[in-house]
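Okay, so here's the structure we're looking at.
The values are calculated or read from the model by the stated rules, or taken from the named source; none is laboratory data. None of the values given here were measured: they were computed from a predicted structure. Here Cβ is always computed from backbone atoms with ideal geometry, including for glycine, and neighbour counts include all displayed protein chains. SASA here: full protein model, heavy atoms, side chains in, ligands and nucleic acids out. Shrake-Rupley method; radii C 1.70, N 1.55, O 1.52, S 1.80 Å.
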Amino acid sequence: MSSFIERACIIAENDYISFLESNTAATELLQPVSREHYLIPDQNGSRLLSFSSGKWIPAGCNYDCGGRCLIKSLVVDGIVVQQKTDDTHADSPNYPQQRGCCRGRSLRKQVFGADRLKYPMKRKHYSLGGGNKELRGEDKWERISWDEALGILASELLRVKSEYGNQAILFPYFWADPAISVSDVLNHFGGYIGVWGTHSYGSWKLPVRAVIGLEGFLTSVNDRFDYLETETIVMFGLNPAWSSPGNGFYYYLQAKKAGAEFILVDPFYNDSAAALHAEWMPIRPGTDTALLLAVAYVLITEDNLNENPLIDWDFLRRCTVGFDADSMPYDTDPKWNFKDYVLGTYSGQAKNPKWASEICGLSVEKIRQLAYSLRKGKKVSMLSGYANGRTSESDALPQIFMTVGAMTGHFGKAGHNCGVACHRQNLNSGPFLYKVGQDELPHYGKSHFGANTGIEPPIRLAINTADIWDAVLSGKALANSDPGAQVGLGENVPMEFDFHVIFNFMGAALETTPNANKGIEAFRKVDFVVSCAQYPSGNALYSDLILPVTTFWEDFGSVNNLGTRDTIFTYRRVVEPLYEAKSSRWIAQELMKKLGMQVEELFPFDENQAYFNKLKNTKVLDSDGCSYVPLLTITQTDIEEFGVVGEEQTGKIPISEFLEKGTYQLKLDPNDAYRYIAYEDFVRDPEKFPRPTDSGKLEIYSQKYSDLVKQLRYGEKSPLPEYVAGKDGYEASFSDWESKTKGPYPYQLYSIHYMGRAHTNFANNPWIREAWAAPLFICRHDAETLKIKNGDTVLIQSRFGSCLRNACVTNRILPGVMAIPHGNWIEINTGSGIDLGGNENTLCGSSPSGQGTAAYNSILVKVSRWDGKPLVAESQKHLRILDQRR
Ligand SMILES: Nc1nc2c(c(=O)[nH]1)N[C@H]1C(S)=C(S)[C@@H](COP(=O)(O)OP(=O)(O)OC[C@H]3O[C@@H](n4cnc5c(=O)[nH]c(N)nc54)[C@H](O)[C@@H]3O)O[C@H]1N2
Ligand SMILES: Nc1nc2c(c(=O)[nH]1)N[C@H]1C(S)=C(S)[C@@H](COP(=O)(O)OP(=O)(O)OC[C@H]3O[C@@H](n4cnc5c(=O)[nH]c(N)nc54)[C@H](O)[C@@H]3O)O[C@H]1N2
Ligand SMILES: [Mo]
């Protein structure tokens, strides 16, 4: 046996049982004999492999965690024997290495995992049009050839198209390559119904820029050097130590070193707060708006121009509309201004700290203290994550956040910030300094971020992800024809649907959209479900057909910088595709053939040329801060070596250096042209540099926001940032609010983006499982009431489903509130219907509110000690390995 990979394939086929029992990743067949040598099993016994013959190759880690880090793999004889991260230059705060986290650095445990989907498979009782559909998720699997698999897929698509039309195909994924190759084929085939949603952003999505004037995405706060100047950093639901991978948290540590003090407003005293010694202001999930209204009340009622100046009146007058009766838009009744809403002038209910305290749980004194921490004159950064916006009826949140920032003048100046700083919007803010090159292939539609990528899709209709299971089951849904629009969305129109195919390419819709139990019903209703997948997570398991797709390490290569402003990365194929896994491009092409289409129409050249095009077209912002110039110098010899068509060009570094290092990082300096202070021009001269809102100012009163929400038909929103109690929020945990009598589901639960996951990814990585136990976080007080001890298995029940987790009893979460990691894989027990995997969406049933927000963090539950068989610890759990023997 010459290649290790071939050997692994044979073992996978013959030795399935030992794989299953040993929980072994294929790489563990290697036996280390020294730091430099491995013993590899061979047909003649074994053979010694020396690391010195190996090559370090930049390896992809493109998961949607918000980080982009350099990962390199040492490949010896087709085997990855070691991984490392960025050592291309010495580390320093101004010029930091781009270091990978525990997930990226344990990728080889997963790429070579025993649970890889190795061959195309069909469900045993599947036949054209579905067969025995209720067996989805429980049926046995049969290994089949790629030819047969693609044949089945093509016949189902052709049949459904001719009987019901392309609108019967649901493609529940919304962004980015490599999904684009397959979605292009489906578009070429006549289209499909896609999805839109507030996903990550929650209610932070719509109001950006053109609506109320708040900057969005990467430009909402100042660049990373700025935090060295800030005095107080107030983090509203922010946990960069876990959820801003890459260097996000490193910049917080620099600010700490420079003397900033930290405050965390969050139900959880998270690891970021612990590392930064932040003061904790614990609040209940979904209540930030109430808290901030009371902060505004304190500022309004205690501000005094001479003795106690808390409000930046100059900023309010110059840069906002709607604050008080004197600053209302001309055509609006002055009565409806913000100040009078907060004071309760007309309603009789002041939004004072006493009112807010009852809702959010923070004491009256602490609310007042928070208001003073934010006051005018101090260098304050108000930073938020998205998590507080992933709650029910939270549309007022971005607007009240902006309002408090405006009242205190924390916009447009060094050391002052007011905006979102999570995910890839971490403290490394400012416009991207690179433009990733286009591959020059023809593509359909708009990208996730609204950039037009080419040909108009034949069907331009999308359903909110939070509505898709209902749409499949009831045949009715609101549909949007302009989901990619940058400014709000098109109108949501009630429509009828008749879905017959669910096509899962990327994404793990069953695990990541609300109401997974309904999702399973939907999967079991349609005629046909196909999943392209790497591992048997929920989507794959509940399908009729599984197509094994390659991981980033087996893909041809790509260029990306989604996540870090100053660095760009490339990765290349580390090992040949494992087993019979195929790239998305290959699957797309072969599917075209089966559907009777001309491959050249979408793929006029090969993957090598497409990769080369991305490289050559990649641009970097020049040191003048204005013009983009090519990143790479490419010679005729390079072009010949690459074996592509192209022309010579001059750039910043030779292509060979980029390919070898896997990265290029701009050296930033606090005094260079790349500096970014958000809103700087606007604040200096609001007439000359207006915001793109109707008034050109920040809109504390926004009729447009109200109108946009109305046309989405999920409810009404006041033009002002008014507090509305959410469905499945704190208030709903009571059967009687006045007497404070709790209802049947008395605890608030939310899902937290977890260090041991990038969504559903890494849930099956043995090293990660050892380090990150994926428990239910429950506070000591509640645990005592419920007679739950640390490590006990507990049953968590909501109106929508139930699951098991082992408890982590801690002082770091607010009483009455519990948290569960986002991204656990569904594992429904057939008899009881309980999800042993502990996926949060088996509990979350929330229907969208306001701007279509999926309220992932508004869940009400009851919890009890589980007297049945306890769950094994995460580290002891067997991998889910499907029997893939022929
Ligand atoms: N309850 C609750 N739900 C949530 C959230 C929450 O906080 N709580 N968070 C929401 C958020 S913010 C987000 S962004 C979404 C994320 O939701 P998803 O995008 O659905 O989640 P992922 O787990 O990233 O999905 C990736 C899937 O693609 C597969 N995959 C990875 N690489 C490749 C590849 O190269 N090719 C192919 N074909 N497949 C690949 C992986 O195996 C995995 O199954 O979840 C949302 N859902
Ligand atoms: N390791 C890891 N990192 C990730 C991801 C991942 O899956 N794993 N996913 C990435 C993606 S796509 C996204 S969108 C981002 C999401 O990142 P965020 O939107 O920031 O979400 P979380 O990390 O879940 O929560 C951040 C903090 O908010 C708190 N919180 C929850 N609800 C509320 C609330 O109502 N009010 C307040 N004040 N605080 C609240 C939580 O306790 C937590 O401390 O993370 C990205 N980063
Ligand atoms: Mo996200």
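Find the eigenvalues of the gyration tensor of the Cα atoms of the stretch 731-876, then list the square roots of 5 times those eigenvalues as equivalent ellipsoid semi-axes, largest first, in whole angstrom.
After scaling each eigenvalue by five and taking roots: 24, 19, 15 Å.
Could you give me the percent of Cα pairs per 10 Å distance bin for the stretch 625-780, shortest bin first, beginning at zero and ending with the bin that holds the maximum distance?
Bins of 10 Å from zero give 7, 14, 15, 22, 24, 12, 4, 1, 0 percent of pairs.
Antiparallel DSSP bridges in the chain: what percent, to the nearest 5?
55 percent
K594: which aspartates and glutamates have alpha carbons under 14 Å from its alpha carbon, excluding same-chain residues fewer than 8 sequence positions away?
D147, E148, E156
So what's the back-of-envelope 222 nm ellipticity for the chain, counting only DSSP H runs of four-plus at -39500 (n - 2.57) apiece and dividing by all residues, rounded to 500?
-6500 deg cm²/dmol
Return the FRET efficiency for the residue pair R713, S34: r is the Cβ-Cβ distance, R0 is 56 Å, and the value is rounded to the nearest 0.05.
The pair R713/S34 has a calculated efficiency of 0.25.
Of the listed pairs K354/K742; K55/K614; K740/K787; K710/K740; K378/K704, which have alpha-carbon separations greater than 26 Å here?
Over 26 Å Cα-Cα: K710/K740; K378/K704.
Amide H neighbours of Y628 under 5 Å, at least 5 residues apart or on other chains, H built in the peptide plane: list them.
D622
Using DSSP, restrict attention to beta bridges with both residues in the stretch 731-876 and report what percent are antiparallel, rounded to the nearest 5.
In the stretch 731-876, approximately 65 percent of DSSP beta bridges are antiparallel ones.
Rg/Rh for the chain to two decimals, with Rh computed the Kirkwood way over all alpha-carbon pairs.
0.96
Net charge within 11 Å of A758 by Cβ-Cβ distance, Lys/Arg positive one each and Asp/Glu negative one each, not counting A758 itself?
Taking every other residue near A758 into account, the sum is +1.
Measuring with a 1.4 Å probe in the full set of protein chains, what accessible area per residue, in whole Å², belongs to the chain?
36 Å²
On the protein heavy atoms, probe 1.4 angstrom, tell me the percent of accessible surface of the chain carried by carbon and sulfur.
The C+S portion of the solvent-accessible surface of the chain is 50 percent.
Could you give the longest part of the chain that holds none of the chymotrypsin sites (Phe, Trp or Tyr not before Pro) found in DSSP loops with at most 12 neighbouring Cβ atoms within 10 Å?
450-886
What is the local net charge at R880, summed over the other residues whose Cβ is closer than 10 Å to its Cβ (Lys, Arg +1; Asp, Glu -1)?
For residues surrounding R880, the net value is -1.
Computed over the Cα atoms, what is the radius of gyration of the stretch 726-812 divided by 2.2 N^0.38 Å, N being its residue count?
Normalised by 2.2 N^0.38 Å, the Cα Rg of the stretch 726-812 equals 1.27.
State the Cα centre-to-centre distance between the stretch 138-165 and the stretch 45-83 in whole Å.
36 Å
Please list the non-local residues whose amide H lies under 5 Å from the amide H of M495, H modeled 1.01 Å from N, same-chain partners needing a gap of 5 or more.
Amide H neighbours of M495: A477, L478, A479.
Straight-line reach from K376: which lysines have Cα under 22 Å away, leaving out those fewer than 8 places along the same chain?
Within the straight-line cut-off, K376 pairs with K256, K339, K351, K366, K413, K697.
Taking H placed 1.01 Å from N in the peptide plane, check which residues at least 5 places from D835 or on another chain put their amide H under 5 Å from its amide H.
Excluding prolines and chain starts, which carry no amide H, the hits are S802, C803, L804, N829.
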